[in-house]
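The values are calculated or read from the model by the stated rules, or taken from the named source; none is laboratory data. Please read all numbers here as calculations on a predicted model, not as lab measurements. Note: ideal-geometry Cβ built from the backbone for every residue, glycine included; neighbour counts use all protein chains shown. To get the accessible areas, we keep the full protein, side chains included, count just its heavy atoms, and leave off ligands, DNA and RNA. Shrake-Rupley method; radii C 1.70, N 1.55, O 1.52, S 1.80 Å.
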Amino acid sequence: MEIQLIRNATVKIKFGNKTWLIDPFLGDINSLPPFAGKSPNPTVPLPFSISEILHDVDYVLLTHLHPDHFDSKAKELIPKSMPFFVQTADAENIESCGFENVTSIDHEISVDAIKISRVIAQHGEGDILNVMGAVSGYVMETNDEPVLYITGDTIWCEPIKKNIDQFKPEIVLCNAGGNSFYPESNPFKTYLDIERSFKVIMDEKQVLELLNYKEETTVITVHMGALDHETVTRTQMKEFIKASNIDMKRLHVPEDGEIIKLN
């Protein structure tokens, strides 16, 4: 298995002799508005050209449709014949973009000897969930590969523990920038007033809980270093986990473009 972080939650995974592109967010630097009033997003450019990113991709897998996971540039430049795998809630939307080969995953499917199970993700807590929409994680299983759990955008919570208990993943690809929304820069104000900050994906403390929950698990943190509403940097993540006496071989915090090879 090879996992290459492109940017944010956009990742290329070689798994089961196929190449999967997860959550393609391909827009130019500063092509989206601020989420926390600090800077337009993304805050960094792609590490490679889009043609390089799309080279050799067999399948696209989407966790949800927020624009930092699937944006207008991805809709424009990914070939319309590319096979997409999506949660059922998003299938019609993707088909309306002109994509011709869309498969919805309600529970589980098999493709090229790879079993993909859709699992619960909880993109925040409390009132903020009313505007976050449907989000999923996925577990990928095949012969001769470690079990891979892609958390999607989620906080650490009981459903995530249950996913781990059920599938016993050896590798967890975890969205972990601690991204938060704030009352003073509420991007949802047309739909929802928020009176406090809301964290919507894991931060360093929740990653530590994940590492402690299943000691055989290796965690790869992504969704970092690209958006203005993050609260955790890569350096902070590594320093916090190291100070918590975790074996650092169990944690990978890749830079954009970095490839991690796993047996």
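Odds and ends about this structure:
- Overall form of segment 153-202 per C-alpha gyration tensor (a/c, 1.5; a/b vs b/c): prolate
- Between segment 44-100 and segment 174-222, the alpha-carbon centres lie 24 Å apart.
- Whole-percent carbon and sulfur share, accessible surface of the chain, 1.4 Å: 45 percent
- Out-of-range pairs (alpha-carbon distance over 24 Å; input LYS14/LYS168; LYS161/LYS189; LYS115/LYS261; LYS161/LYS205; LYS214/LYS242; LYS14/LYS161): LYS161/LYS189; LYS14/LYS161
- In terms of the mean number of neighbouring beta-carbon atoms within 10 Å, the peptides 65-74, 123-132, 1-10, 98-107 order highest first as 1-10, 65-74, 123-132, 98-107.
- A Cα-only calculation for the chain places Rg and Dmax at 17.2, 49 Å.
- Placing unit charges on the Cβ atoms of the charged side chains and taking the dipole of the chain about its Cα centre, the candidate lying farthest along the positive direction among ASN212, PRO83, ILE164 is ASN212.
- Between GLU108 and ASP144, the simple label model (points 7 Å from Cα in the Cβ direction) yields a spacing of 2.2 nm.
- Each stretch of four or more DSSP H residues adds -39500 (n - 2.57); spread over every residue of the chain, this sum gives -5000 deg cm²/dmol at 222 nm.
- Segment 224-263: equivalent-ellipsoid semi-axes (sqrt of 5 x gyration tensor eigenvalues, Cα, Å): 19, 17, 6
- Toward the positive end of the charge dipole of segment 114-240, with +1 on the Cβ of Lys and Arg and -1 on the Cβ of Asp and Glu, the farthest Cα among SER136, PRO183, VAL200 is that of SER136.
- In a reduced charge model with +1 at each Lys and Arg Cβ and -1 at each Asp and Glu Cβ, segment 92-176 shows a dipole moment near 240 debye about its Cα centre.
- Rounded to the nearest 20, the size of the Cβ-charge dipole of the chain about its Cα centre is 380 debye, with Lys and Arg at +1 and Asp and Glu at -1.
- Surface analysis of the chain yields an accessible area of 44 Å² per residue, using protein heavy atoms and a 1.4 Å probe.
- Proportion of all alpha-carbon pairs of segment 90-209 beyond 26 Å (%): 32 percent
- Spherically averaged projected area of segment 5-67 from its Cα convex hull (nm²): 4.5 nm²
- For a straight C-alpha distance cut-off of 18 angstrom, the aspartates and glutamates reachable from LYS38 (same-chain residues fewer than eight places away being disregarded) are ASP28, ASP68, GLU184, ASP228, GLU230.
- LYS18/LYS80 FRET efficiency (R0 25 Å; Cβ-Cβ; nearest 0.05): 0.80
- Cα centroids of segment 107-149 and segment 224-262: 22 Å apart.
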